Amino acid sequence: LVLQGKIFNKLMLLITSFKALLQERDKRAKWHGIPVLLQELYESSHLNSDFTRTHTVLKELSSLLSMEAMSFVTEDRKTAQESTFPNTYTFDLFGGVDLLVELLMRPTLTTLQKPKMNDDLVKDCLSVLYNCCICTEGVTKILASRDDFVLFLFTLMTNKKTFLQTATLIEDILGVKKEMIQLEWIPNLSGLVQSFDQQQLANFCRILSVTISEPDVGNDDKHTLLAKNAQQKRNTSPSRAEVNQVTLLNIPGFIERLCKLATRKVSEATGTSNFLQELEEWYTWLDNTLVLDALMQIATDEAEHSSTESSDESTLATIPLRHRLPQSMKIVHEIMYKVEVLYVLCVLLMGRQRNQVHKMLAEFRLIPGLNNLFDKLIWRKYTTSNHVVHGQNENCDCSPEISFKIQFLRLLQSFSDHHENKYLLLNAQELNELSAISLKANIPEVEALVNTDRYLVCDGKKGLLTRLLTIMKREPPDSSFRFWQARAVESFLRGATSYADQMFLLKRGLLEHILFCIIDSGCKSRDVLQSYFDLLGELMKFNIDAFKRFNKYVNTEEKFQVFLTQINSSLVDSNMLVRCIVLSLDRFESQTEDVKVVEVLSECCLLSYMARVENRLSFLFRLVNIINVQTLTQENVSCLNTSLVILMLARRRGKLPFYLNALREKEYAEKYPGCLLNNFHNLLRFWQHHYLNKDKDSTCLENSSCIPFSFWKETVSVLLGEDRTSPCAIIGYIDEPYMEVIDDLVIYELHSRPLKRFFSVIYV
């Protein structure tokens, strides 16, 4: 006992001396008492504590850290590398982060009976951890490396009082986690999700978006088709993102609830005249949805204690903004929710379980629900600027309104693309119109149209596609939405060409609108122009009426030259339109018994231009020259396929040797013999490896060109023939001294120097 007493006295003396040392050092280092407070926090949080003192100390620490976090979020939004946050750094340096993690997880680390931490203490622990994550570099990564802690956080989401702080911290952690978490690891995930109310589920979608999206590698070289193919060979099993998508789809009622969230109506109590002005003011300081949720939570609490609240617009106009905040905030809140929900649905629509997701979205009437929201929420009519609400950076289209509209358009694009459910974007009257178009043209109705369930289509006077066309034609020239609108409409036309679908859009003036944007609007955006070229190609393909309308609009040589200039300025952007013209011309030339076709062939400036072989050869030269195996991506591989279309049609007419010889003569004229043909040979070798093992991609090529894929394969095989005496083999047109044909595709991954040297010369 005497010995124990001496030891105890020495320990107490040591602790007292250590405290004195800390306090002395604290004054010189300006630690603001944080090390001493952390020691008190540790001592007061022992197993038998009631945590009263613990919470008091934590609040004192929180007050020292919260101002730094607030300055990071609301003032300059500086990165951690650009700013210094001494209090947060000191807190982490002396083990504060580890201590809070241990404190939160203590119930899972011991079986002993212990007092339960109250919700307010848990909330404050989570808030301090989040503040450390955003202010101190490395804290988030350290927390992300602890799988046990990440999974534990999900268990805290069962408590509504701590849900918001937990969700905020999880989102931040998962954003930097090296390996994607598997949702099936979360204890009782199905029960957890089913326990969420609609507000919690919408916020949970922010977390889900990180777990179901394939990670962005952030390196352009990794996005090449060569690299992607190599990656796919190494990874034969489904990715974690794909596994997580399946896990979500297996949760009972999950998709149905998301559809209800996406389509539920917003209260119309707030006056529309003040809405955008308020929104713009708030967005200069609102950091993200979860910050908005915190304000909403405060507003809700205040509203519960308020006896009455006026919703009259005239009354609202006389009340200061800070007092009107809760009412108008509900609309912003709902918009932010829908952004997250639509994103998750969009990702699921593009995944391997696409058909299953499509079936559920149709069954739960997602499209009719969005159609009913279109005028009242998605594309509301404003008296102020109707397409740009910027926050800190006026060049960043990242406001809630803009994010919501873009996500809505992306969803429509994913929903319509190569799927028979695209006809759900129409109403019953519009479906009847499509049937009438087919009847008048004496062609059979598309099977997908016949099989469309009329109960699942849009309600009202206009379907969603027609509404989209209406606002598309009203969009200002500098609008950031033009690209996405064009992509959404184009997806409706993609796949097997439908004359009725094209005529439905032509009757609504779409072709004239596109030509105005390309020729007369002064549009300079390459992305927008590419989307309009692609849409124009789908709209005009094989459609003689479309070419007649084109010639009526482009009625002067000046307009036609502007159009050609836009096409030639970037073939990567316009090559799909070039392909459409070449394919259409080939078909029309075989229909000379039709008087209407003959008339358009003789009058249309665009068809006459493409009918001249020197123009087709010019396009072929440039298409082969602007790509190589190392630079092929999903964006520019269409150039290779367009060049193949030109040669396939030449082969059908027995003119393939003429085109190959023209390529050879072009090389010698440019004093680079072998360059074009060596490059094209290597591209076709890659084409074989890429397309012959991909059923979906090969089907798309066949449907879009109306050329059997077997003919694609045959043509490539003929071009790659090894017999130098063959008039249709590329190798026969390359003189032996200039042969640079690569026999092994593995060399492609090494970026062979001969190819790199060749392309540097060509580009110069």
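The values are calculated or read from the model by the stated rules, or taken from the named source; none is laboratory data. What you are looking at is a predicted structure, and each value in this text was computed from that prediction instead of being measured. Cβ coordinates were reconstructed from backbone atoms using ideal geometry, including for glycine residues, and neighbour counts include every protein chain displayed. Ligands, DNA and RNA are excluded from the accessible area calculation, which covers all protein heavy atoms including side chains. Shrake-Rupley method; radii C 1.70, N 1.55, O 1.52, S 1.80 Å.
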Residue that is out of contact with any Gly (no Cβ under 6 Å at 6 or more places or on another chain), touching a residue at least 60 places away in the same chain (Cβ under 8 Å) and part of a helix (DSSP H, G or I), where the choices are Val597, Val624, Val562, Val578
Val578
If you take the residues in segment 335-386 that are over 13 Å from Ser414 (Cβ atoms) and small (Gly, Ala, Ser), which one is modelled with the lowest pLDDT?
Ser385
Name the residues in segment 155-209 that are surrounded by 15 or more Cβ atoms within 10 Å (Cβ to Cβ) and among the charged types (D, E, K, R), would you?
Glu171, Asp172, Lys177, Arg206
Within segment 434-486, tally of residues that are open to solvent by 80 Å² or more (accessible area, probe 1.4 Å), within 18 Å of Lys422 (Cα to Cα) and either of a type in the set (A, V, I, L, M) or part of a helix (DSSP H, G or I) (or both)
4
Which residue pairs have Cβ atoms under 9 Å apart, sit 6 or more places apart or on different chains, and have a first residue in segment 491-508 that is free of Cβ contacts under 8 Å to residues at least 40 places away in the same chain and a second that is open to solvent by less than 30 Å² (accessible area, probe 1.4 Å) and of a type in the set (S, T, N, Q)?
none
Note on segment 537-572: residues of a type in the set (Val, Ile, Thr), farther than 28 Å from Ile626 by Cα and open to solvent by less than 10 Å² (accessible area, probe 1.4 Å) are Val554
Being free of Cβ contacts under 8 Å to residues at least 60 places away in the same chain, closer than 23 Å to Ser704 by Cα and crowded, with 20+ Cβ neighbours inside 10 Å, is that true of even one residue in segment 661-677?
no
Among the helices (runs of 4 or more DSSP H) lying completely within segment 114-208, list those that include at least 1 residues that are within 30 Å of His46 (Cα to Cα).
119-135, 139-144, 147-156, 160-174
Working only within segment 452-486, note down all residues that are without any contact (Cβ under 8 Å) to a residue 40 or more places away in the chain and over 22 Å from Leu370 (Cα atoms).
Asp478
Test Glu475 against the stated conditions and say whether it is among the acidic types (Asp, Glu) and under 25 Å from Ala436 (Cα atoms).
no
Name, by its number, the condition in (1) surrounded by 19 or more Cβ atoms within 10 Å (Cβ to Cβ); (2) under 25 Å from Phe85 (Cβ atoms) that does not hold for Gly138.
(1)
Within segment 396-433, tally of residues that are assigned to a helix (DSSP H, G or I), open to solvent by 10 Å² or more (accessible area, probe 1.4 Å) and free of Cβ contacts under 8 Å to residues at least 60 places away in the same chain:
4
Any idea which of Leu617, Leu644 is over 16 Å from Thr715 (Cα atoms), assigned to a helix (DSSP H, G or I) and out of contact with any Asp or Glu (no Cβ under 8 Å at 6 or more places or on another chain)?
Leu617
Just need a number here: residues in segment 607-624 that are open to solvent by 40 Å² or more (accessible area, probe 1.4 Å) and under 19 Å from Asn641 (Cβ atoms).
3
Segment 498-536 - residue that is of a type in the set (Asp, Glu) and within 18 Å of Leu468 (Cα to Cα) and, of those, most open to solvent (accessible area, probe 1.4 Å)
Glu512
Being at pLDDT 85 or above, within 48 Å of the chain's Cα centre (by Cα) and closer than 22 Å to Tyr130 by Cβ is the requirement here; does Thr52 meet it?
no
What number goes with the only condition from (1) under 37 Å from the mean Cα position of the chain (by Cα); (2) open to solvent by 30 Å² or more (accessible area, probe 1.4 Å) that Cys580 does not pass?
(2)
Counting only residues in segment 709-740 that are in a loop (DSSP other than H, G, I, E, B), without any contact (Cβ under 8 Å) to a residue 60 or more places away in the chain and not charged (D, E, K, R), the one nearest to Trp687 (Cα to Cα) is identified as Leu720
Please count how many residues of segment 32-47 are at pLDDT 70 or above and open to solvent by 40 Å² or more (accessible area, probe 1.4 Å).
5
